[in-house]
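Just below is one structure, and these are the notes that go with it.
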Amino acid sequence: MIKITVIGKTVGGTVSGKVQVRLHSGAKIDVGDLLSCKDEKTGDKFFMKVVNMGMFSLVGSQFIEDIAGQKLEHGVDYNFFEKEDRFYRICEAKILKIARDGRFVAPRCVPGYFTDVRTISEDEFSFVKLKGEIPIGHLRLGTDSYKGVSISLPANKLISHHMLVVAATGKGKSNFSKVFLRGILNLDDYSSIVFDPHNEYYGGRGIKGLRDHAKRDKILYFSPRPLDTPGAEALKICTEDIKPEDFIGIIDLSTPQQEAMDLLSRKFGKTWVKTLLDTNAGELEDLFEKKIYRATISTLKRKLYHALELDGNEGLVFSTNPKSSVSVYDQIKQAITQRKVVIIDTSMISEETEKVINSSIVHRVYEDYRIRKQADPQFFSSLPEVLIVFEEAPRVLGADALAKGTNIFERIAREGRKFKVGLCAITQMPSLLPREILSQMNTKVILGLPSPMDRDAVINSSSQNISDEGAEVQMLDKGEAIITSPFIDFPLPTKIFLFEDVLKEDGSKIKEKNFSISVG
């Protein structure tokens, strides 16, 4: 339990700037700590976050430097009368919200001079409505966490409105994602598709994953090597299920090459890929009466062989042989209606092939939802919201990727919320994403970014003003986060649960004994 005590008094500040607080000499305060103060005249309670600190003195700077030199060089010590009054610290605190008449209001005023400032208390969050379904961590106070106050996020608002998870390597991106997916597994109205380039979400070989969850029957796991992992389904895709749009904006294709794919698809239907790969370029040029040139066909054939990782008719994932079992796409669609979490292991596949797999799966799911909404609104209303989780987001949403053409990920970022399909984009380098895409990611989970360019990209595109948190974002340690969203009252400093710890709660229904903040 954190001791609640007066740590300082207000000595200045503005609504557009920060409140200055002169700190008690013994106050232990860090950047990122949450403070509160109550103006006794107005009754307003101010919630603030420390964003900067400094040392100050009533003694002239030249004299201070001289004293320091005497101490260093000659060991001379000085005894000051009223030392604590002459040398002191002031912190700058950003006003987050004001509690007025049992509700949060925007900061449009400041507390009076000499108002007592305290560390935050648990009871001060008692008026926050409890609506969040997915517990993800505890309230964080600087480097400490307030374990009496847990943070929960609302699945119904976050999923279809897109999420962005950003952090440098080792700061906890995958841990947060697993904690969030664990929350989805504990619910009955949501589904998710997870593209796993490092094979860490499902678990195995000493790594805890979602398969260790009590509701592991709600997980469908695909792997190119299913025999290596008990319970895995084979990730095998017949080229008869592939469509030209699966490649658009994913691999580098010229306009003639895209037109060639369209002509081949209309002429040969499901066998268009096999026909392209098995037929001489000259024969196809003649068959289409030179509407497609031989050079275009040859180049397109080479690109598809590379993108599908085919050696003849077979590849690790793709095959031109007719399928003999239920397609991966149909299995995934069925799993979504059953509210399952689908994990696709792409760790053994090249980057380009992985992007084709991801694109084709997301295409099928999104188009199914879009068509259902138009053709059968009643059935569409019964479908769960589905979250698409993918790492290395710039590969499909970066400026260079989108220069190849609009792809399905960009389309969902713009209009997916209309069809109950959301994105959870994970990246180390948000600065590579266009500002328009960043602004579409309504909820941002920021876990620590040392790069100034990446910090600026996230800060400038956040739905709430976190321009003063730049220093804190740089200082965030592993598992420490700032969560900003239009669905929360203020940016929440959070200490994310360790996935291995929350797994221990999966054997029984989770009943929070502590007070919890939920966002919503």
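Side notes on the structure shown:
- Output for the range 155-173, where each listed residue is under 14 Å from Phe390 (Cα atoms) and open to solvent by 10 Å² or more (accessible area, probe 1.4 Å): Lys173
- The range 288-297, residues that are surrounded by 15 or more Cβ atoms within 10 Å (Cβ to Cβ), assigned to a helix (DSSP H, G or I) and not charged (D, E, K, R): Thr296, Ile297
- The single condition from (1) at pLDDT below 95; (2) farther than 17 Å from Phe409 by Cβ that Val445 fails is (1).
- Residues of the range 463-510 satisfying the condition of being small (Gly, Ala, Ser), touching a residue at least 12 places away in the same chain (Cβ under 8 Å) and within 17 Å of Lys97 (Cα to Cα): Ser463, Ser485
- Glu283 meets the stated requirement of being of a type outside the set (Phe, Trp, Tyr) and open to solvent by 80 Å² or more (accessible area, probe 1.4 Å).
- If you go through the range 396-428 and pick out every residue that is part of a strand (DSSP E or B) and either over 21 Å from Lys178 (Cα atoms) or of a type outside the set (Val, Ile, Thr) (or both), you end up with 4.
- Candidate set from the range 219-245 (those that are of a type in the set (Lys, Arg) and closer than 17 Å to Glu314 by Cβ); member that is least open to solvent (accessible area, probe 1.4 Å): Lys236
- Number of the exception - Arg89 against (1) basic (Lys, Arg); (2) in contact with a helix residue (DSSP H, G or I) (Cβ under 8 Å, 6 or more places away or on another chain); (3) under 23 Å from Ala471 (Cβ atoms): (2)
- Residue check for Ile159: in contact with a helix residue (DSSP H, G or I) (Cβ under 6 Å, 6 or more places away or on another chain) and either at pLDDT below 80 or of a type in the set (A, V, I, L, M, F, W, C) (or both): no
- Checked against the criterion of being touching a strand residue (DSSP E or B) at 6+ places or on another chain (Cβ under 8 Å), closer than 20 Å to Asp262 by Cα, open to solvent by less than 10 Å² (accessible area, probe 1.4 Å) and part of a helix (DSSP H, G or I), the range 313-322 has no qualifying residue.
- Residues (in a loop (DSSP other than H, G, I, E, B) and surrounded by 15 or more Cβ atoms within 10 Å (Cβ to Cβ)) located in the range 44-60: Asp44
- Selected residue (criterion: surrounded by the fewest Cβ atoms within 10 Å (Cβ to Cβ)) from residues of the range 174-210 that are out of contact with any Gly (no Cβ under 8 Å at 6 or more places or on another chain) and among the basic types (Lys, Arg): Arg205
- Test: residue in the range 113-122 that is at pLDDT 80 or above, aromatic (Phe, Trp, Tyr) and open to solvent by 20 Å² or more (accessible area, probe 1.4 Å): yes
Quick grid of which residues meet (1) among the acidic types (Asp, Glu); (2) more than 20 Å from Leu304 (Cα to Cα); (3) open to solvent by less than 10 Å² (accessible area, probe 1.4 Å); (4) not in a helix (DSSP H, G or I):
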{"site": "Ile344", "(1), (2), (3), (4)": "no, yes, yes, yes"}
{"site": "Ile349", "(1), (2), (3), (4)": "no, no, no, yes"}
{"site": "Glu352", "(1), (2), (3), (4)": "yes, no, no, no"}
{"site": "Ser359", "(1), (2), (3), (4)": "no, no, yes, no"}
{"site": "Glu367", "(1), (2), (3), (4)": "yes, yes, no, no"}
{"site": "Lys373", "(1), (2), (3), (4)": "no, yes, no, no"}
{"site": "Ile388", "(1), (2), (3), (4)": "no, yes, yes, yes"}
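- Counting only residues that are hydrophobic (A, V, I, L, M, F, W, C) and either crowded, with 23+ Cβ neighbours inside 10 Å or modelled with pLDDT of 90 or more (or both), the range 465-487 holds 6 of them.
- Residue match in the range 152-172 (condition: over 30 Å from Pro230 (Cα atoms), part of a strand (DSSP E or B) and not hydrophobic (A, V, I, L, M, F, W, C)): yes
- Some residue of the range 209-217 being free of Cβ contacts under 8 Å to residues at least 60 places away in the same chain and either part of a loop (DSSP other than H, G, I, E, B) or closer than 30 Å to Glu40 by Cβ (or both): yes
- Residue check, His306 open to solvent by less than 50 Å² (accessible area, probe 1.4 Å) and in contact with a helix residue (DSSP H, G or I) (Cβ under 8 Å, 6 or more places away or on another chain): no
- Of the residues making up the range 390-419, those that are buried (at least 18 other Cβ atoms within 10 Å of the Cβ) and under 22 Å from Phe247 (Cβ atoms) number 18.
- When Val328, Val273 are checked against the criterion of being of a type in the set (Val, Ile, Thr), within 30 Å of Leu383 (Cα to Cα) and surrounded by 14 or more Cβ atoms within 10 Å (Cβ to Cβ), Val328 stands alone in meeting it.
- Residue match in the range 31-43 (condition: outside any strand (DSSP E or B) and open to solvent by less than 10 Å² (accessible area, probe 1.4 Å)): yes
- Checking each residue in the range 6-26 for being surrounded by 13 or more Cβ atoms within 10 Å (Cβ to Cβ), outside any strand (DSSP E or B) and at pLDDT 90 or above picks out Lys18, His24.
- Any chance Ala93 is closer than 23 Å to Lys18 by Cβ, among the small types (Gly, Ala, Ser) and open to solvent by less than 60 Å² (accessible area, probe 1.4 Å): yes
- Among the residues listed as Val179, Val194, the single one being touching a strand residue (DSSP E or B) at 6+ places or on another chain (Cβ under 6 Å), of a type in the set (A, V, I, L, M) and part of a helix (DSSP H, G or I): Val179
The values are calculated or read from the model by the stated rules, or taken from the named source; none is laboratory data. Please read these numbers as outputs of a predicted model, since none were measured by experiment. Please note: Cβ atoms are built from the backbone with ideal geometry, for glycine as well, and neighbour counts cover all protein chains shown. Heads up: the accessible areas ignore ligands, DNA and RNA and are worked out on the full protein's heavy atoms, side chains in. Shrake-Rupley method; radii C 1.70, N 1.55, O 1.52, S 1.80 Å.
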